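Each remark here refers to the structure printed beneath this line.
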Amino acid sequence: ATPNPWWANAVVYQIYPRSFQDTNGDGFGDLKGITSRLDYLADLGVDVLWLSPVYKSPQDDNGYDISDYQDIDPLFGTLADMDELIAQAHRRGIKIVMDLVVNHTSDEHAWFQASRDKNDLHADWYWWRPARPGHEPGTPGAEPNDWGSYFGGSAWQYDETRGEYFLHQFSRKQPDLNWENPDVRRAVYDMMNWWLDRGVDGFRMDVITLISKQTDASGRLPGESGSQIPDLPVGEEGYSSPNPFCADGPRQDEFLAEMRREVFDGRNGFLTVGEAPGISPERNEHITDPANGELDMLFLFEHVDFDCDGVKWKPLPLDLPGLKRIFASYEGAVADRGWTALFTGNHDQPRVVSRWGDDSTEVSRIASAKAWGLALHMHRGTPYIYQGEELGMTNAHFTSLGQYRDLESLNAYRQRVEEAKVQTPESMMAGIAARGRDNARTPMQWDDSRYAGFTAPDAPVEPWIAVNPNHATINAAAEVDDSDSVYAFYKRLIALRHENPTVAGGDWTLIAPDDPRVYAFTRSLDGRSTGGHRVWDAERLLTVVNLSGESADLPADALALLPADDAIADGVTADRILIATGPDSEAVTAIVTGRLAPWQGFVMRL
Ligand code: TEU
Ligand code: CA
C-alpha cells in the first residue's frame, strides 16, 4: 500500500478574499487582511487555505475572469503582499492553495486580445467559429450552435474584429481556452510552475472537468453546421446544454496526466483539488487513484445540485435519504483507491445552516450548524470549511434585487423572469434568496461593530455587498472564547481529525439509509503496528446525527450496535463519546432512552 499523503488528515479552509477582511477602507477584502487574520485561522487549526482568485481581473465574475495570471489585482494588493501572506502562513505551518482558472480567461487577457486577429500566433487559443451558414453574422440565430451559457444567454459571442464567434460556457467576458492547442497547455503549465516556485502549495482547479470538449472527426462541435454530432434539444430558456459534451470530455485524463507530469512531478507537499461538475463517483475514483497520476481529489456536485426542481432557482426541501445515497456513492467509489473532498458550502452555494439547517432562532441555528458540521466531518475524505461556516453564518436574507451583486443571479432574473418568462418575479426572488451565490459572499463577521470588523466602522465607503445585520450576534469575537459556540465545535472537529486515524481514514459504512431524519454511519480501522509496536488499536466509531428540528428515535440498526444496557449503567458510555453536539451526558441520555433531541448528534466508540 502507498503511504498516506500529508493531506490524508488535513482540513482545508476556503477564503473568498473580497469578503474576508478589508484593511484599507475601500470596502473590498484584501491580501493584507488575510495575513492579519492568520492567527485566527491557526487557532481554528486548519492546515490549508484555499484562496478564491486574487489575480489581475476585470472582476466581471469576482476574479474568475483573469486578465493576467502572473500578477495580483490591485483590489487585493501586490505580488509583495502575496509573498508576505505565503511566508506568514508557512511560519504558522499553514499551506496556501491558489485558485487556478484555466478553462477560460478574461476577454481582457492579452492572449484573447491577440486571438482576435486570425493571423496572430494566438489565433487558435480559443474556440472561434464562423456564423451559422445562411445567417448574417452577429444577428439572432446566427450562433454556431444552440448552446446556452451557465450565466444566461447564448454560449457564443460575436466579435466584430475577427468576424467570428467565440465560445464562453460562463459569461461573455470568460472565453473558453482551446486546450486542444498544445501551446495553450504549455503556457498554463509554465504559469503553474511559476507560482509553485514562488511558494504556493497547490491549486484548486476551477471547472477543470470542462476543459476537454467533444468534437466530431473533423473537429466540429455538436450542432455546428456539418457536424456529425447533433445538439441536444433546447430547454425552457431557448438554449441547449453544453454540459454533456464539455464535461469530462474525451481528453480529460490525458490533459490531467500531462499536467501532473509537466508541473507536479518531482515536487512534494502540494495539493491538487479539481472542481468537477459532471464527474461520476466512478470517474472520481479513476482521476484520484494515485496510480493514474492525475489529481489528489475532486469536488463532486450531485449532493448540492439534487435538491431542486430541475433548476437551482426552484429549490426543494432536502430529501435526507437521497443525500445519504449520494454520499454513499461518493464514499463507496473510493473505498479502495482514490479520495474525495467533503463540503456543504463554498462561494457558489447558500449557507448550509440556512439551506438544510434552521437559522430562524439562535438555539436552532447553533444546534443545526453543529449537526451539519458533525455529519460532514465524520465522513472519510478531506473536509473543506467555507469562511464563516465555522461561526454558523447564515444566508444574506436579502429582499430586493438591488441588494444582489452576483452576475449569475442578476442575469438569471432577467432571462427567466423578463425574457423567457418561465418564473414569476416572486418565485424567482424566493429562488435567489434560497440559492443565490451572494448568500455566501456577504462580509465575514468578525465582531458586532458597524461593518462587522470586515472594514473599519468609520470607513469612507460601504462594503461592496451589505453586511448581514445578524453580525450583532453572530460574530467571531463572541464565539472564540465560548466553549459552546459553533466555532469551538468546529475547532474540536478539526482536532479530532488530526488526532484520530479512524476519523481520518477509517472505512465508512452507512446505517439505516431510509431513516428520514437521522444520519447514521460507522467508521472502522484495523489496528496498526510500526516496528513491532502497537501504534493504534482497532477501532469502530458510530456517528448518529438527527438532521431535523424534531426529536427522533435512534435507528434500530444503530441501537443494535450499542453495548448492553449494563455497560451503559456502569458509565462506560460517557467515556466512549468522542464528540457530541451538546454535553456528553446528553448523548448518554439519548443512548439510554433511544431518543435524539432536535439536531442532536454524537460520535461513540463501539
Ligand atoms: O463554478 C463552476 C460551476 O460549477 C458552476 O456550476 C457554479 O457552481 C454555478 O455558478 C452555480 O450555479 C466555478 C466557480 O466556482 C464559480 O464561482 C465561477 O463563477 C465559475 O466556475 C466560472 O469560473
Ligand atoms: Ca481593501
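The values are calculated or read from the model by the stated rules, or taken from the named source; none is laboratory data. Quick caveat: nothing in here was measured; it's all calculated off a predicted structure. In this analysis, Cβ positions are derived from the backbone assuming ideal geometry, glycine residues included, and neighbour counts consider all displayed protein chains.
Any residue at all in region 47-57 that is crowded, with 16+ Cβ neighbours inside 10 Å, over 17 Å from the mean Cα position of the chain (by Cα), assigned by TED's automatic domain parsing to the domain that holds Gly381 and away from ligand 1 (no atom under 16 Å from the Cβ)?
Checking region 47-57: not a single residue is crowded, with 16+ Cβ neighbours inside 10 Å, over 17 Å from the mean Cα position of the chain (by Cα), assigned by TED's automatic domain parsing to the domain that holds Gly381 and away from ligand 1 (no atom under 16 Å from the Cβ).
Taking the conditions exactly as written (within 13 Å of ligand 1 (Cβ to nearest atom) and either of a type outside the set (Asp, Glu) or under 12 Å from the mean Cα position of the chain (by Cα) (or both)), does Val304 satisfy them or not?
yes
What is the number of the single condition among (1) in a helix (DSSP H, G or I); (2) away from ligand 2 (no atom under 12 Å from the Cβ); (3) modelled with pLDDT of 95 or more; (4) aliphatic (A, V, I, L, M) that Val97 does not meet?
Val97 satisfies all of (1) in a helix (DSSP H, G or I); (2) away from ligand 2 (no atom under 12 Å from the Cβ); (3) modelled with pLDDT of 95 or more; (4) aliphatic (A, V, I, L, M) except (1).
With (1) touching a strand residue (DSSP E or B) at 6+ places or on another chain (Cβ under 9 Å); (2) of a type in the set (Asp, Glu); (3) farther than 30 Å from Asp296 by Cα as the list, and Glu426 as the residue in question, which single condition is left unmet?
(1)
Filter region 321-362 down to residues that are of a type in the set (A, V, I, L, M, F, W, C) and more than 22 Å from Pro516 (Cβ to Cβ), then give me how many there are.
So the count comes out to 7.
If you check Ala472, Ala466, Ala512, Ala459, which single one turns out to be touching a Phe, Trp or Tyr at 6+ places or on another chain (Cβ under 9 Å), free of Cβ contacts under 8 Å to residues at least 60 places away in the same chain and not basic (Lys, Arg)?
Every option except Ala512 fails the conditions.
For Lys370, work out the one condition from (1) buried (at least 22 other Cβ atoms within 10 Å of the Cβ); (2) within 17 Å of the chain's Cα centre (by Cα) it doesn't fulfil.
It is condition (2) that Lys370 fails.
Within the set of pairs 6 or more residues apart or between chains, which connect a residue that is β-branched (Val, Ile, Thr) inside region 302-324 to a residue that is loosely packed, with under 15 Cβ neighbours inside 10 Å with Cβ atoms less than 9 Å apart?
Cβ pairs passing all conditions: Val311/Glu236.
Given the residues Ile287, Ile229, which is the only one that is of a type in the set (Val, Ile, Thr) and crowded, with 19+ Cβ neighbours inside 10 Å?
Ile287
Please verify whether region 99-107 includes one or more residues that are in contact with a strand residue (DSSP E or B) (Cβ under 7 Å, 6 or more places away or on another chain), more than 16 Å from ligand 1 (Cβ to nearest atom) and closer than 29 Å to Arg261 by Cα.
Looking for residues that are in contact with a strand residue (DSSP E or B) (Cβ under 7 Å, 6 or more places away or on another chain), more than 16 Å from ligand 1 (Cβ to nearest atom) and closer than 29 Å to Arg261 by Cα, one finds none in region 99-107, hence no.
I'd like to check which strands (runs of 3 or more DSSP E) are fully inside region 112-229 and have at least 1 residues that are within 17 Å of Asp248 (Cα to Cα) and in contact (Cβ under 8 Å) with a residue 60 or more places away in the chain.
Result: 202-205.
All but one of (1) surrounded by fewer than 15 Cβ atoms within 10 Å (Cβ to Cβ); (2) in contact with a Ser or Thr (Cβ under 9 Å, 6 or more places away or on another chain); (3) more than 21 Å from Asp190 (Cα to Cα) hold for Ala110, so report the exception by its number.
Only one criterion in (1) surrounded by fewer than 15 Cβ atoms within 10 Å (Cβ to Cβ); (2) in contact with a Ser or Thr (Cβ under 9 Å, 6 or more places away or on another chain); (3) more than 21 Å from Asp190 (Cα to Cα) is unmet by Ala110, namely (3).
Please determine whether any residue of region 463-474 is buried (at least 20 other Cβ atoms within 10 Å of the Cβ) and within 30 Å of Ala328 (Cβ to Cβ).
No: zero hits.
Out of curiosity, is Val234 in contact (Cβ under 8 Å) with a residue 24 or more places away in the chain and under 24 Å from Ser57 (Cα atoms)?
Against the criterion (in contact (Cβ under 8 Å) with a residue 24 or more places away in the chain and under 24 Å from Ser57 (Cα atoms)), Val234 does not qualify.
Regarding Asp81, is this residue touching a residue at least 40 places away in the same chain (Cβ under 8 Å), among the charged types (D, E, K, R), away from ligand 1 (no atom under 16 Å from the Cβ) and outside any loop (DSSP other than H, G, I, E, B)?
It is true that Asp81 is touching a residue at least 40 places away in the same chain (Cβ under 8 Å), among the charged types (D, E, K, R), away from ligand 1 (no atom under 16 Å from the Cβ) and outside any loop (DSSP other than H, G, I, E, B).
Which of the numbered conditions does Thr161 fail, given that it passes all the others? Conditions: (1) out of contact with any His (no Cβ under 6 Å at 6 or more places or on another chain); (2) buried (at least 22 other Cβ atoms within 10 Å of the Cβ).
(2)
Of the residues that sit in region 12-40 and are part of a helix (DSSP H, G or I) and crowded, with 23+ Cβ neighbours inside 10 Å, which one is nearest to ligand 2 (Cβ to nearest atom)?
Gly33
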